Amino acid sequence: MSNIGFIGLGIMGNAMSRNLLKAGHSLVVYDVVPQLVDRVVAGGATPGASCQDVASRSDIIVTMLPDGPEVEQAMLGPAGVLEGARKGATVVDMSSISPLVAQKVAAACAAKRVEFLDAPVSGGEPKAIDGTLAIMVGGDEKVFEKVLPILQKMGSSVTLTGAVGAGNVTKLANQIIVACNIAAMGEALVLATRAGLDPEVVFNAIKGGLAGSTVLNAKAPMVISRNFKPGFRIRLHQKDLRNALLAAESMKVALPLTSTVQQMLMALMNDGKGDLDHSALVTFTEQMANTEIKRGD
């Protein structure tokens, strides 16, 4: 069993780290929020004093942080991972960040002879808890093969997609599809509700056809029951689409649907809904139509 450091213990990191503990790995953990550290330590992990301290005590360091600036701070900043990591250690950044940031951090790691993979995930809190995340990895194949058994304790699908940065490009593609699916679902169910139909009946009628999807099956029941408890927050999905648009701009790729949905998410954040589940994206269309998706009487 490997000595693993885990940095970032929020909704996703908490569940992922617990699955590594269940698999028998020794974990040293750190988060800037002490309470998040305490709940994982209660499950058998050892607390670290800083990112540097975690790295100095680990062969493999996993980071699961909100965005690129947090990854850069944790990796490259004072008392950061690269101040503690030993030569030959491996960093697996499972955050969803810009591919350009992933490549910048990888270059800094290479200068210290530390291996690096970018390995963002999809599936939200339920799949993080179950250990069935989809994990998209960018980096060297030999490094990937070395950490694959560890990644398989957190995900049921682990795919090497290319060089460093490819994992995050793949994740951005995933996030575009998920966001546009939720937006389309919202428009469809608002239309059905306004027409006097029960949206639950409509959902059951279409889920087995071509419109059916994992997104529809996961999110329609939440919307119909008005359950917006966050598995993946609106503000984080907005961040992902922003990163997709920045990457697209650098490659001169037009993403008109992504741009529209990103603006919808931004509007909801300004309306105080940034910490709701991203299924609450449907409330943007509900507000414009003055129609709430809900079960029939």
Residue in segment 23-33 that is in a helix (DSSP H, G or I), touching a Ser or Thr at 6+ places or on another chain (Cβ under 7 Å) and within 17 Å of VAL91 (Cβ to Cβ) present: no
Of all residues making up segment 179-195, the number that are surrounded by fewer than 24 Cβ atoms within 10 Å (Cβ to Cβ) and more than 14 Å from ASN290 (Cα to Cα): 5
Test for LEU268: is it crowded, with 19+ Cβ neighbours inside 10 Å, part of a helix (DSSP H, G or I) and of a type outside the set (Ser, Thr, Tyr): yes
Residue in segment 74-96 that is buried (at least 24 other Cβ atoms within 10 Å of the Cβ), at pLDDT below 95 and under 21 Å from GLY165 (Cβ atoms) present: yes
Test: residue in segment 46-62 that is within 24 Å of ASP275 (Cβ to Cβ) and not basic (Lys, Arg): no
Tally of residues being on the phi < 0 side of the Ramachandran plot and in a loop (DSSP other than H, G, I, E, B) across segment 222-254: 10
Single unsatisfied condition, THR214 versus (1) modelled with pLDDT of 95 or more; (2) within 23 Å of GLY13 (Cβ to Cβ); (3) surrounded by fewer than 20 Cβ atoms within 10 Å (Cβ to Cβ): (1)
Selection from segment 71-88 of residues that are without any contact (Cβ under 8 Å) to a residue 12 or more places away in the chain and either part of a helix (DSSP H, G or I) or of a type in the set (A, V, I, L, M) (or both): GLN73
Among the residues listed as LYS219, LYS142, the single one being of a type in the set (D, E, K, R), crowded, with 19+ Cβ neighbours inside 10 Å and outside any loop (DSSP other than H, G, I, E, B): LYS219
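Kindly indicate the residue of segment 222-244 that is surrounded by fewer than 16 Cβ atoms within 10 Å (Cβ to Cβ) and not hydroxyl-bearing (Ser, Thr, Tyr) and also farthest from the chain's Cα centre (by Cα) among those meeting that condition.
Step one: of segment 222-244, the residues surrounded by fewer than 16 Cβ atoms within 10 Å (Cβ to Cβ) are 225-227, 229.
Subsequent filtering for residues that are not hydroxyl-bearing (Ser, Thr, Tyr) retains 226-227, 229.
Details: ARG226: 23, ASN227: 20, LYS229: 16 Å.
Only one residue fits best here, namely ARG226.
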Residue check for GLY208: at pLDDT 95 or above and within 28 Å of the chain's Cα centre (by Cα): yes
Complete set of residues in segment 276-297 that are exposed (fewer than 14 other Cβ atoms within 10 Å of the Cβ) and of a type in the set (D, E, K, R): ARG295, ASP297
Subset of segment 245-263 [buried (at least 16 other Cβ atoms within 10 Å of the Cβ) and touching a residue at least 24 places away in the same chain (Cβ under 8 Å)]: ALA247, LEU255, THR258, VAL261, GLN262
Checklist (1) more than 21 Å from THR159 (Cα to Cα); (2) part of a strand (DSSP E or B); (3) free of Cβ contacts under 8 Å to residues at least 40 places away in the same chain applied to VAL91, failing item: (1)
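Can you spot a residue in segment 8-25 that is assigned by TED's automatic domain parsing to the domain that holds VAL147, of a type in the set (S, T, N, Q) and either surrounded by fewer than 17 Cβ atoms within 10 Å (Cβ to Cβ) or more than 20 Å from ASP130 (Cβ to Cβ) (or both)? Break it down stepwise before answering.
Let us first name the residues in segment 8-25 that are assigned by TED's automatic domain parsing to the domain that holds VAL147, namely 8-25.
Filter once more, keeping what is of a type in the set (S, T, N, Q): 14, 17, 19.
Right, trim to either surrounded by fewer than 17 Cβ atoms within 10 Å (Cβ to Cβ) or more than 20 Å from ASP130 (Cβ to Cβ) (or both) and you get none.
There is no residue in segment 8-25 that is assigned by TED's automatic domain parsing to the domain that holds VAL147, of a type in the set (S, T, N, Q) and either surrounded by fewer than 17 Cβ atoms within 10 Å (Cβ to Cβ) or more than 20 Å from ASP130 (Cβ to Cβ) (or both).
Listed here are the residues, each with its yes/no results for (1) out of contact with any strand residue (DSSP E or B) (no Cβ under 6 Å at 6 or more places or on another chain); (2) among the small types (Gly, Ala, Ser).
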{"position": "GLY13", "(1), (2)": "yes, yes"}
{"position": "MET16", "(1), (2)": "yes, no"}
{"position": "LEU27", "(1), (2)": "no, no"}
{"position": "ASP31", "(1), (2)": "yes, no"}
{"position": "GLY43", "(1), (2)": "yes, yes"}
{"position": "THR46", "(1), (2)": "no, no"}
{"position": "SER50", "(1), (2)": "yes, yes"}
Subset of segment 145-158 (residues that are part of a strand (DSSP E or B) and crowded, with 16+ Cβ neighbours inside 10 Å): GLY155, VAL158
Which numbered condition PHE203 misses (of (1) surrounded by fewer than 22 Cβ atoms within 10 Å (Cβ to Cβ); (2) hydrophobic (A, V, I, L, M, F, W, C); (3) not assigned by TED's automatic domain parsing to the domain that holds PHE116): (1)
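The values are calculated or read from the model by the stated rules, or taken from the named source; none is laboratory data. Just so it is clear, the model here is predicted, and its values are computed rather than measured. Here the Cβ is made from the backbone with ideal geometry for all residues, glycine too, and neighbour counts use every protein chain on show.
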